[in-house]
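Data first, discussion second: the structure below is written as structure tokens.
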Amino acid sequence: MAAKLKKGDTVIVLAGKDKGKQGEILSVMPKDERAVVKGVNMAIRHIRQTQTDQGGRVSKEAAIHLSNLALVDPKEGGATRVGFRMEGDKKVRFAKKSGETIDG
């Protein structure tokens, strides 16, 4: 199946503690059906002190399930589903809400 969400896309969170927040996708893990979104689903990690690093508690983005994310419509700004269509001989993604081409 083709990837509906890709690295660099702006998405909105549909469910969970960060519902309504927007952010950019930093990485996608298709096998796990998860993505890491900038500034969303923050978790505190404890880092051991070393000779070069201070250590302590560090906030870091945790992965979030793809079903809890929706693409932000480039034209209207709200959450939208993603579709695929052929433009010439190239397959492109488009926002179903406005019909706007996402990449291509």
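Going through segment 82-104 one residue at a time, which ones are free of Cβ contacts under 8 Å to residues at least 24 places away in the same chain, basic (Lys, Arg) and in a loop (DSSP other than H, G, I, E, B)?
The one that is free of Cβ contacts under 8 Å to residues at least 24 places away in the same chain, basic (Lys, Arg) and in a loop (DSSP other than H, G, I, E, B): LYS96.
Name the single residue that is farthest from SER98 (Cα to Cα) among those in segment 57-78 being in contact with a strand residue (DSSP E or B) (Cβ under 6 Å, 6 or more places away or on another chain) and of a type in the set (Gly, Ala, Ser).
Step by step, filter segment 57-78, then rank; the result is SER59.
Could you list all residues from segment 4-24 that are within 10 Å of ALA35 (Cβ to Cβ) and of a type in the set (A, V, I, L, M, F, W, C)?
If the condition is that a residue be within 10 Å of ALA35 (Cβ to Cβ) and of a type in the set (A, V, I, L, M, F, W, C), then LEU5, VAL11 are the ones that fit.
Got a sec? Which of GLY39, GLY23 is assigned to a strand (DSSP E or B) and free of Cβ contacts under 8 Å to residues at least 40 places away in the same chain?
So the residue among GLY39, GLY23 that is assigned to a strand (DSSP E or B) and free of Cβ contacts under 8 Å to residues at least 40 places away in the same chain is GLY23.
State all residues of segment 1-20 that are in contact with a strand residue (DSSP E or B) (Cβ under 6 Å, 6 or more places away or on another chain) and not in a loop (DSSP other than H, G, I, E, B); if no residue qualifies, say none.
Scanning segment 1-20 gives THR10, VAL11, ILE12.
Considering every residue within segment 42-60, establish whether at least one is part of a strand (DSSP E or B), surrounded by 11 or more Cβ atoms within 10 Å (Cβ to Cβ) and among the hydroxyl-bearing types (Ser, Thr, Tyr).
No, segment 42-60 contains no residue that is part of a strand (DSSP E or B), surrounded by 11 or more Cβ atoms within 10 Å (Cβ to Cβ) and among the hydroxyl-bearing types (Ser, Thr, Tyr).
Got a number for residues in segment 1-59 being among the hydrophobic types (A, V, I, L, M, F, W, C) and closer than 22 Å to ALA95 by Cβ?
Summing the residues that are among the hydrophobic types (A, V, I, L, M, F, W, C) and closer than 22 Å to ALA95 by Cβ in segment 1-59 gives 15.
Output the number of the condition that VAL36 fails; it satisfies all remaining conditions of (1) at pLDDT 95 or above; (2) in contact with a Phe, Trp or Tyr (Cβ under 8 Å, 6 or more places away or on another chain).
In the conditions (1) at pLDDT 95 or above; (2) in contact with a Phe, Trp or Tyr (Cβ under 8 Å, 6 or more places away or on another chain), VAL36 misses (2) alone.
When segment 82-98 is examined, which residues are found to be under 25 Å from ASN68 (Cβ atoms) and surrounded by fewer than 12 Cβ atoms within 10 Å (Cβ to Cβ)?
The answer is PHE84, and nothing else.
The values are calculated or read from the model by the stated rules, or taken from the named source; none is laboratory data. Note that this is a predicted model, so its numbers are computed, not measured. Cβ sites come from the backbone with ideal geometry, for glycine too, and all protein chains shown count toward neighbours.
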